[in-house]
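Step one of this worksheet: look at the structure below.
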Amino acid sequence: MSLAGVCQEKAGVKVALTGNEAIARGALEAGVAYAASYPGSPTAEVLGTLSRVAKQFNLYAEWSVNEKVAMEGVAAASFAGLRSLVVMKADGLNVALDFAGALAISGCRGGMVMVLGDDPNAHSSVREEDSRNLCKAKHLPVLEPSSVREAMEMTREAFALSEELELPVVVRCVTRVCHASGDVELGELVRPERKPDFTRENRVITFGIKLHAGQESKLARAAHLVCDSAFNSYTGPENPERLVIASGPCYMYAQEALEMLGAGGTTGILKLGTTWPLPEALLLEHMERVPEVIFAEEVEPFVEDNVMALAAGCLPGKVRFYGKRSGHVAGPAGPGIGELDPDVLAASLGNILGINYSPGTIDNKQEALSLLEDKMPDRELAFCAGCPHRASFWAVRAALELDGRGGIVLGDIGCYTLGMARTGYYLLQTVHCMGAGIGLAGGMGNLSRFGFDKPVVTLVGDSTFYHAAIPALINARYHNSNFMCIILDNETTAMTGHQPHPGRQHTAMGEPAHTVPMEDIIRGVGMPYIVQDPYDVEASIEVIYDLLRQEGPRVLILRRSCVLAAVRGKQKDRVYVNEDKCIGDSCGCGRFCSRVFACPANVWDAEKGRARIDEAVCNGCGVCASLCPQGAIMVERGV
Amino acid sequence: MVKEPLNIIITGVGGQGNVLASQVVSAAAVQAGYRVAVGETFGVSQRGGSVMSHVRLSLNRPCGPLIPRGQAHVVAGFEPLETMRVLLDYASAETVVIMNNRPNYPLGCLSGEHRYPDPERVEEAVKKMTPRLHVLPATELAKEAGSPLAANMVMTGALAGSGLLPFGRECFISVIGSLFQGIVRDLNLQAFESGFRRMDG
Amino acid sequence: MERGCEFGMPGQEQLQKEVMDRDLCSSCGICVGLCPYIKTVRDRVKVIYPCGHEDGTCYMVCPKTPTNIGNMDRAVFGREREDQALGLFSGIYYARALTGKPGGAQYGGAASALTGLALREGLISSAVLTGGDIKSPRPVLARDADTVARCAGSKYTGVPSLLELNRAIRDGLTDIGVVGRPCQVVAVRKSQQGNLPGPQYPSSSGIGLVLGLFCFWSLAPELYGFLQLETGGEEIVKMDIPVEGPVAYTRAGKYSWQLEDIRTFIKKSCNTCFDSTSEYADISVGSTEHDPVWNTLIIRTGKGLDIFNLALQKGVIEIREYPPERLPLLRRAALGKKMRVLSLLEKDLGNTGYITLPEKYRRDLETQWGGINQ
Ligand SMILES: Cc1cc2nc3c(=O)[nH]c(=O)nc-3n(C[C@H](O)[C@H](O)[C@H](O)COP(=O)(O)OP(=O)(O)OC[C@H]3O[C@@H](n4cnc5c(N)ncnc54)[C@H](O)[C@@H]3O)c2cc1C
Ligand code: SF4
Ligand code: SF4
């Protein structure tokens, strides 16, 4: 939150930073020269922060078109001897994996750190993934911070470790670290001279199995090194009855849970900050002393499986293990599913220790609830008030109904993924990963040869378009697949906080960009396209309808800036309901704006039987006014 | 300090500026020399879902980012229904609640499938759980200050004015002052002050 | 007018089931714009979202929902008909425009001339017309005589032009004129019946004048693609469907086809249409079937007679006696259509009683049909 804190020159000062800012600060303290990322929660603000201070620290920061490209750019800087940082969410690692695997073999020169954001509980992801398994598969060392403070320190130290091993080092952060904040004690800022050095002599080649052997020995060295790492530590009694092995914020939860259970006197905690390769000697030393080991980690039983494998070889049958595999460490959704927290851990540990844990509560809960009669209404996710996607989805729905052939709609990843729910009139029928909608649509569109006769529509965002849609589009053009691609172009990467993409006029660092208009790409691929403003719903319906009735691959760009970006710093239009004109529930409307169109600012005044606009929520787009059958919603232009 | 650590939950609906409020509190706390841990629960919920920030202040020990159930000492609720939701999980009989009285309707209520509970009933229900409830028209106060969106700063002001935090107004003012510029700064400071005055004394 | 319906109160759901899903919609457009849930593109009229109401104005005003001919006669004319072929009328003539005949007029230009006169004289505030190109016609609300002239000429597709009527009423206009196909005329009359579920047609809703066209069928939007292919995208300035078969004129020349070539485009709804001469209009206008510069004019209501007299007095149109020998031909065509519809409806098991004929009408119809066939 505090850019000033990130740039604070004085070492030793304590400032409040978010986890992502702390990571950025750690990189600055390591003298990072080159940073790249594709925005993704929970790590999006790392590069956001670095890009803002880039000039000040003479570093290069870019929002790359996708994670693979980001990782390649960063690796190049490392090959030239510079310290470099690549940041992505777990899903992004899947995109970059091909290169990551090759890079792990070739190794790197300048310290190269990969910050990976895992999202247990999928707070801002379509699924929860544990990237540690992939890191292991690719032979990459992994560090795991347990707090904001540690996120900063680990990032900083990871550069040195990377140089020592000549391997990229992963800092795996979960949402509860990235999106947390806390006080950190700042270290020294360094400003090394940037001297990229890559000559005809340098060869960084991945070829042949000899390198594989080298890779294994690097990892063996890493396993040795991490045994002495300060990021691993033991707290608890000298002779514990059992040991909790905890990584990430689960370490903090475990401490609190033991405290709540009053079991700190019998149970020790081994905090693992280096989760791959395992500090085997350290682990064995601790495990030798206890008959019981409990694992606290998110998401998959990664440490658990690997420690158990280690013990099976070295301490066979000596230790009893409790964790996700045994079913003991589990949240409400089951072991290995969702997040842990102090309560989940207290309940799990209590269960293992035979101590009854009941979370704090109040007596009058039921009474209080009964006062509300109804069940507490849930809060479904919705497009923001004034979001152009709402208008787009309404138009698509209307056009499909008018077309009447049961057209299908495939989805993609971005704000508009919410179109699978009420806010998008439940239109989306598939949601997978970046760009998948276009590939799927290509496949569906090829099924016409077998008699599949439903129109196929796929919706994709602008940032996702640049990220992952283009090869699928080329494929569709080449094979003349029969579908309609709608690009919901809100001129930004909205979901993750409005980062620019190649369609924009500026780069991450605010420098003028050489814009790559999507029209040029589509034209280059040889597809027909139309551009339409989704706020003009009636016109959009007509355009979509007409395109539905055409053949071959075709593109519609529904272009309108994300409303949050559009209203920032501007006087919004005032929108209000003329109560004399509103006919509310009656035939002729049936509360269209609040009940059906469902902009969160269109509220229903049950007492008056009239619609109302919640001025605290309304963003003044005026779309509801254009759709109101009575012309009862008025728009007063802001100045 | 009364509690160690002091557990505060700031809750509301995505878009209400929850996170900013929790950041202001934590920055003010660090400035005042406290250790803080803030856990934000928002993610996709920024799009109209329930959001919640756990803010934990301590003199000297590091805390995890999440408050255990039943252990919130202060709840600042930007929206009645969300306040209720948080209290059900995190309140104890001693929890102090500062609540904005302005409802923000979930889609299901807008569509008429669900009913938003009667605001007075929500207040009663909250009082049933914890008698220490302060209700204020934060959105209205924010409108008076210049924009309904500044309700988060009104609530932050109320929190500061409640006397429940171990540091004073000045820390907040200096943080807000450093975060914003120009008329936005004035607006936010004014909103903060109006919330502060409501609760102070 | 009947509120007949199988299940409870009739509304959007029944409209969809009984009319749209069975392809009986004639794209009159009266249900478009009554609410946000029924929309149109390229002549297709569809429910895009369930409105949630049980009963609805849309069902009540749709010309293709159950309609009792006897009740309609009484509602519009205050009495029942004797002539089952042409309905109630006070006079029938040949007519053509004398002044203000638009270049693009279909035949005698009487429809445009009368509409223009009514507008100029302030008898109507505006007129719901069908303008645009033959290949992409569109509903138009004309506020002046120039616009009326630009809308001249028949577009042979089912254009949902009555959506403009709804818009005009919503915008507070009164004394609105309508030029429409027979189904559209029925829809307009149904909208005037009062007692509707929604407030869309306030009782003061002034329909100023209803000019009905003769129409034996209209065509589906697939026609546009056909014309596009056949004429290679040339602009079609006029189209006609005389007995010899359909013809289209472009600036470059003339295209002609057999009726068979376009028969597949005939809207299914038109096969069950009972009215070919706009029996509920104030004045009905059609062709003469032999002389392309004249129209047939049927004066039906008092309002119709007034505008007719005014037009004569102002020299806007001239008239001729309707040739007595042609009347049986016209009546035969109209009766024949009705007989075909009745036998079709009887065979159709899914028929929800779209046309209800009083017993007497039914008997008279058979007698008159028998008589004319002698
Ligand atoms: C679909 C259709 C089928 C017809 N079938 C027959 C028939 O079988 N026998 C017969 O005698 N006459 C028929 N007519 C009527 C005929 O074509 C002329 O419209 C009528 O004779 C008036 O001629 P006019 O010279 O006065 O027209 P004009 O002065 O040229 O005016 C024509 C008027 O028709 C309106 N109009 C044009 N297209 C449509 C449409 N699709 N729907 C509603 N209104 C429209 C225009 O708004 C304009 O006001 C039909 C008309 C249509 C639209
Ligand atoms: S103008 Fe209407 S649709 Fe747009 S934000 Fe406001 S209430 Fe929502
Ligand atoms: S005939 Fe007219 S009213 Fe009936 S469904 Fe079709 S357009 Fe609507």
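The residues on offer are A:274, A:361, A:267, and the sole one that is under 24 Å from residue A:148 (Cα atoms) and either among the β-branched types (Val, Ile, Thr) or assigned by TED's automatic domain parsing to the domain that holds residue A:155 (or both) is A:274. Here residue C:108 qualifies as more than 16 Å from ligand 3 (Cβ to nearest atom), open to solvent by less than 10 Å² (accessible area, probe 1.4 Å) and more than 14 Å from chain A (Cβ to nearest Cβ). Inside segment B:120-132, can you point out the residues that are under 18 Å from the mean Cα position of the chain (by Cα) and either surrounded by fewer than 19 Cβ atoms within 10 Å (Cβ to Cβ) or more than 8 Å from chain A (Cβ to nearest Cβ) (or both)? Passing the criteria: B:123, B:127, B:131, B:132. Considered as a group, the residues in segment A:5-28 that are open to solvent by 10 Å² or more (accessible area, probe 1.4 Å) and assigned to a helix (DSSP H, G or I) include one that is nearest to residue B:59 (Cα to Cα), and that residue is A:21. The single condition among (1) outside any loop (DSSP other than H, G, I, E, B); (2) within 16 Å of ligand 3 (Cβ to nearest atom) that residue C:211 does not satisfy is (2). Within segment C:329-364, the set of residues being closer than 14 Å to residue C:296 by Cα and without any contact (Cβ under 8 Å) to a residue 60 or more places away in the chain comprises C:329 only. The residues on offer are B:154, B:135, B:96, B:74, and the sole one that is in contact with a Phe, Trp or Tyr (Cβ under 8 Å, 6 or more places away or on another chain), at pLDDT 95 or above and either open to solvent by less than 10 Å² (accessible area, probe 1.4 Å) or away from chain A (no Cβ under 11 Å) (or both) is B:154. Kindly establish whether residue A:618 is within 12 Å of chain C (Cβ to nearest Cβ), within 9 Å of ligand 2 (Cβ to nearest atom) and touching a strand residue (DSSP E or B) at 6+ places or on another chain (Cβ under 8 Å). So residue A:618 fails the test. Among the residues making up segment A:231-280, those that are in a helix (DSSP H, G or I) and closer than 25 Å to residue A:130 by Cβ are A:250, A:251, A:252, A:253, A:254, A:255, A:256, A:257, A:258, A:280.
For (1) buried (at least 21 other Cβ atoms within 10 Å of the Cβ); (2) among the small types (Gly, Ala, Ser); (3) more than 14 Å from chain B (Cβ to nearest Cβ), each residue gets a yes or a no:
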position	(1), (2), (3)
A:204	no, no, yes
A:241	no, no, yes
A:250	yes, no, no
A:270	yes, no, yes
A:274	yes, no, yes
A:309	no, yes, yes
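Within segment A:428-453, restricting attention to residues that are open to solvent by 30 Å² or more (accessible area, probe 1.4 Å) and touching a strand residue (DSSP E or B) at 6+ places or on another chain (Cβ under 6 Å), the residue that is farthest from residue A:125 (Cα to Cα) is A:444.
Filtering C:72, C:20, C:60 for residues that are buried (at least 24 other Cβ atoms within 10 Å of the Cβ) and more than 16 Å from ligand 2 (Cβ to nearest atom) leaves a single hit, C:60. In segment B:103-113 there is no residue matching the filter, namely being at pLDDT 95 or above, within 18 Å of the chain's Cα centre (by Cα) and buried (at least 24 other Cβ atoms within 10 Å of the Cβ).
Scanning for something within 14 Å of chain B (Cβ to nearest Cβ), of a type outside the set (Gly, Ala, Ser) and out of contact with any Phe, Trp or Tyr (no Cβ under 8 Å at 6 or more places or on another chain), does segment A:425-447 turn up at least one residue? Checking segment A:425-447: at least one residue is within 14 Å of chain B (Cβ to nearest Cβ), of a type outside the set (Gly, Ala, Ser) and out of contact with any Phe, Trp or Tyr (no Cβ under 8 Å at 6 or more places or on another chain). Of the helices (runs of 4 or more DSSP H) lying entirely inside segment A:455-560, those carrying at least 3 residues that are open to solvent by less than 10 Å² (accessible area, probe 1.4 Å) are A:537-548. When restricted to residues that are more than 14 Å from every other protein chain (Cβ to nearest Cβ), open to solvent by less than 60 Å² (accessible area, probe 1.4 Å), within 16 Å of ligand 3 (Cβ to nearest atom) and not in a strand (DSSP E or B), segment C:214-261 contains 2. Of the helices (runs of 4 or more DSSP H) lying entirely inside segment C:269-374, not one contains at least 1 residues that are at pLDDT below 95 and within 19 Å of residue C:117 (Cβ to Cβ). Just one of (1) under 19 Å from residue A:586 (Cα atoms); (2) near ligand 3 (Cβ under 10 Å from one of its atoms); (3) in contact (Cβ under 8 Å) with a residue 60 or more places away in the chain fails for residue C:47. It is (3).
When A:589, A:599, A:593 are screened for being over 29 Å from the mean Cα position of the chain (by Cα) and outside any helix (DSSP H, G or I), only A:589 passes.
So that you can scan it fast, the table gives a plain yes or no per residue for (1) closer than 23 Å to residue C:48 by Cα; (2) without any contact (Cβ under 8 Å) to a residue 60 or more places away in the chain:
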position: A:419; (1), (2): yes, yes
position: A:425; (1), (2): yes, yes
position: A:431; (1), (2): no, no
position: A:455; (1), (2): yes, no
position: A:466; (1), (2): no, no
position: A:469; (1), (2): no, yes
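Residues of segment A:318-326 include none that is open to solvent by less than 10 Å² (accessible area, probe 1.4 Å) and touching a residue at least 40 places away in the same chain (Cβ under 8 Å). Would you call residue A:126 open to solvent by 10 Å² or more (accessible area, probe 1.4 Å), among the aliphatic types (A, V, I, L, M), assigned by TED's automatic domain parsing to the domain that holds residue A:72 and under 16 Å from the mean Cα position of the chain (by Cα)? In short, yes.
Out of curiosity, is residue C:179 within 11 Å of ligand 1 (Cβ to nearest atom), crowded, with 20+ Cβ neighbours inside 10 Å, assigned to a strand (DSSP E or B) and touching a residue at least 60 places away in the same chain (Cβ under 8 Å)? Yes; evaluated as a whole, the condition is true for this residue. Somewhere in segment A:315-327, is a residue assigned to a helix (DSSP H, G or I) and either over 30 Å from residue B:112 (Cβ atoms) or among the aromatic types (Phe, Trp, Tyr) (or both)? No. Regarding residue C:63, is this residue more than 23 Å from residue A:395 (Cα to Cα) and touching a Cys at 6+ places or on another chain (Cβ under 9 Å)? Yes: the conditions hold for residue C:63.
The values are calculated or read from the model by the stated rules, or taken from the named source; none is laboratory data. This one's a predicted model, so the numbers in the text were calculated from it and none came from an experiment. A quick note on method: Cβ atoms are made from the backbone with ideal geometry, for glycine too, and the neighbour counts reach across all protein chains shown. Quick note on the areas: whole protein, heavy atoms, side chains included, nothing else; ligands and nucleic acids left out. Shrake-Rupley method; radii C 1.70, N 1.55, O 1.52, S 1.80 Å.
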